[in-house]
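Trainee: Okay, handing you the structure first.
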Amino acid sequence: MARAVAESTNRLSVFFLKKHGYLPQGKSRSYGGTKWTRGDWENNINFWVNTGDSESEAMGGSYVELIYTVTVRWSGEKIDMRYKVPLVTTPCNYGGRRYWFVCPLSKNGIYCGRRVGVIYSVDKWFGCRYCADIAYQTQFEGGAFRVGSVTEPDVEKAYNELKQKYYNGKPTRRYKRYLRLREKMNNSWVRVARKFGMEF
């Protein structure tokens with residue numbers, strides 16, 4: 001099975017929950033939702049966030065209850081989904097705490113339980129990107145396609161920082177750095193061109 005791309009997969013982030021006030025200190029239960037759109041396609045999800053009431057304590061801790069509908073592609077059948085994803089916390093260096101999802105899925109018959117900041121749509125469930133076999137777009141770009149961390153603005157900036165190219169007949173450190181960056185950028189583009197059979 002081909003790996004899915006993280007950037008084009010439905011996902012829910014702990015950072016999104018925090019940013020929109022679903023994980024405030026002292027508030028035990030909140031309700032919300034979000035939607036994803038791509039072109040004329042739209043998908044919604046609602047959730048209950050429980051962070052310290054008696055129900056979440058009885059379950060063994062905090063959790064997010066996901067509520068959404070999945071449409072089976074080949075039959076068009078709609079399935080209502082409602083299940084809980086555990087939340088755990090870790091202390092922050094300067095006080096407070098940080099929330100994490102605990103992946104509820106199993107892969108090859110082994111429960112995952114990874115602590116992650118983002119969960120992704122996996123068939124009709126949500127779980128970590130390892131269980132979903134999801135990769136970031138840059139991971140699909142092999143070494144020949146990844147132009148790298150050196151870009152034209154980086155080279156231009158290095159050139160603009162030059163005060164002088166030579167001192168006592170030898171190239172300065174900044175000039176050497178500029179030459180290295182320029183060479184690295186040129187080599188990256190040459191590798192990409194060769195991959196596609198182009199010649200300069």
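The values are calculated or read from the model by the stated rules, or taken from the named source; none is laboratory data. All of these numbers come straight from a predicted model, not from anything done at the bench. Cβ: placed from backbone, ideal geometry, glycine included. Neighbour counts: every protein chain shown.
Trainee: Can you find, within the stretch 89-116, the residue that is modelled with the lowest pLDDT among those that are in contact with a Phe, Trp or Tyr (Cβ under 8 Å, 6 or more places away or on another chain) and in a strand (DSSP E or B)?
Mentor: The selected residue is Lys107.
Trainee: If a residue has to be buried (at least 16 other Cβ atoms within 10 Å of the Cβ), modelled with pLDDT under 80 and either aromatic (Phe, Trp, Tyr) or more than 26 Å from the chain's Cα centre (by Cα) (or both) to count, how many in the stretch 117-157 make the cut?
Mentor: Summing the residues that are buried (at least 16 other Cβ atoms within 10 Å of the Cβ), modelled with pLDDT under 80 and either aromatic (Phe, Trp, Tyr) or more than 26 Å from the chain's Cα centre (by Cα) (or both) in the stretch 117-157 gives 1.
Trainee: Hey, another quick one. With the checklist (1) at pLDDT 70 or above; (2) touching a Phe, Trp or Tyr at 6+ places or on another chain (Cβ under 8 Å); (3) within 24 Å of Cys131 (Cβ to Cβ) in hand, flag the one item Phe15 doesn't pass.
Mentor: Unmet for Phe15, out of (1) at pLDDT 70 or above; (2) touching a Phe, Trp or Tyr at 6+ places or on another chain (Cβ under 8 Å); (3) within 24 Å of Cys131 (Cβ to Cβ): (2).
Trainee: Here is a list: Arg97, Arg129, Arg73. Which entry is in contact (Cβ under 8 Å) with a residue 24 or more places away in the chain and out of contact with any Leu (no Cβ under 9 Å at 6 or more places or on another chain)?
Mentor: Arg129
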